[in-house]
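Below is one structure, written out as structure tokens; the observations come after it.
The values are calculated or read from the model by the stated rules, or taken from the named source; none is laboratory data. Because the structure is predicted, anything quoted here is derived from the model rather than measured. Note that each Cβ is placed from the backbone with ideal geometry, even for glycine, and that neighbours are counted across all protein chains shown. Quick note on the areas: whole protein, heavy atoms, side chains included, nothing else; ligands and nucleic acids left out. Shrake-Rupley method; radii C 1.70, N 1.55, O 1.52, S 1.80 Å.
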Amino acid sequence: MSDERAHIFSDLSLSRRLERAEMQGNADFVEARARVSPESGACWTEVAGAYAMFDGVESPVTQTFGLGLFEPAAAEDFGRLEEFFFSRGADAFHEVSPLADASLPGLLNGRGYQAVEFTNVMFRPLGAGAREADARAPSGDLRVRPAAEGEDELWAQTSARGWSDSGYGDFMLGLAKVSARRANAFSFLAELGGRAVATGAMSVCEGVALLAGASTVPEARGRGAQLALLDARLRFAAGLGCDLAMMCALPGSASQRNAERQGFRIAYTRAKWRRARRAA
């Protein structure tokens with residue numbers, strides 16, 4: 001295989017594949033929320049090629065993905081998107097790839113949006129020709145496996161316990177219970193001595209495996225659980241025929257370092273833009 005064919009460039013085509021995987025994963029989450037909690041009003045819509053999702057006013061899923069990436073967004077498109085969020089009592093959030101249409105920053109600035117968060121979008125190839133990643137060997141009594149049917153609650157409770165020392169345990173429990181019920185998604189558990197201590201999740205869209213849901217209970221940290229979960233999901237995704245894996249991380253975070261140890265590299269840094277809802 002030539003260097004040109006073996007190398008994946010961080011271009012518009014790659015960004016569209018990665019963002020599409022996240023768009024679909026979040027749409028599946030919203031549809032799961034609507035099934036689990038119909039009273040939540042969870043829903044999503046497509047405007048100018050972007051997916052706009054509502055999962056509650058405080059949910060991090062309530063935002064758009066793909067804005068300006070698949071087709072240019074006009075002022076009237078922003079109006080439709082803002083009405084989608086504002087009419088439900090939520091601020092308007094847009095997670096924007098730097099490879100989106102060049103007109104987008106001006107439109108965002110002109111409508112009073114502010115950048116509030118940055119995320120590194122990371123990827124690595126899977127399957128034939130992919131470089132094997134270096135990973136620290138996990139503890140000898142550590143086992144990683146896909147969650148079995150009927151273990152949604154165990155997975156959600158374990159995931160939430162990993163956030164217990166941050167004060168977000170109850171909030172994350174609600175998200176985890178929905179995540180475990182998504183279509184096109186897989187939940188993984190890491191066990192020490194037969195006890196669930198860490199979680200990971202993976203959703204699949206058009207050959208791209210999106211890795212998320214990383215959480216480890218406080219007393220089991222530093223035992224290699226997340227590296228083992230990452231490796232297990234990469235192998236599982238390759239077995240499904242996926243040719244790319246992706247994950248998102250805060251710049252400079254431990255999650256980014258773990259991903260880089262597994263052969264991921266940064267494709268681009270995405271910005272989240274916010275416009276506050278209109279006063280009643």
(message) Please list, in order along region 265-273, the HN-Hα scalar couplings obtained from phi with the Karplus expression 6.51 cos²θ - 1.76 cosθ + 1.60 (θ = phi - 60°), rounded to whole Hz, x for Gly and Pro.
(response) 9, 6, 7, 5, 10, 9, 10, 9, 10
(request) Post the alpha-carbon centroid distance, region 145-201 to region 1-63, in whole angstrom. (result) 21 Å
(request) List the relative contact order of the chain as a percent without decimals, with contacts defined as Cα pairs under 8 Å and 6+ residues apart. (result) 25 percent
(message) Could you compute how fast region 33-108 diffuses translationally, taking Rh as the Kirkwood radius over C-alpha pairs and applying Stokes-Einstein at 10 °C with viscosity 1.306 mPa s? Give it in µm² per second.
(response) 125 µm²/s
(message) Along its three principal axes, how long is the chain when you only count alpha carbons? Whole Å, largest extent first please.
(response) 57, 51, 30
(request) Considering only protein heavy atoms, with the full assembly of protein chains and a 1.4 angstrom probe, order Phe118, Phe171, Phe86 by accessible area, largest first. (result) Phe118, Phe171, Phe86
(request) Give me the percent of the accessible area of the chain that comes from carbon and sulfur atoms, probe 1.4 Å, all protein chains in place. (result) 50 percent
(request) Would you tally the net charge around Leu18, using a Cβ to Cβ cut-off of less than 14 Å, leaving Leu18 out, and scoring K and R as +1, D and E as -1? (result) 0
(request) Quick one: among Ser215, Ser97, Ser253, which has the greatest mean-square fluctuation in a GNM of the chain with alpha-carbon springs under 10 angstrom? (result) Ser253
(request) Would you mind getting me the FRET efficiency between Glu71 and Ala254? Use the beta-carbon distance for r and R0 = 41 Å, nearest 0.05. (result) 0.65
(message) Residue by residue through region 157-170, what is 3J(HN,Hα) from phi via Karplus (6.51 cos²θ - 1.76 cosθ + 1.60, θ = phi - 60°)? Round to whole Hz and write x for glycine and proline.
(response) 5, 5, 4, 5, 4, x, 9, 4, 7, 9, x, 9, x, 5
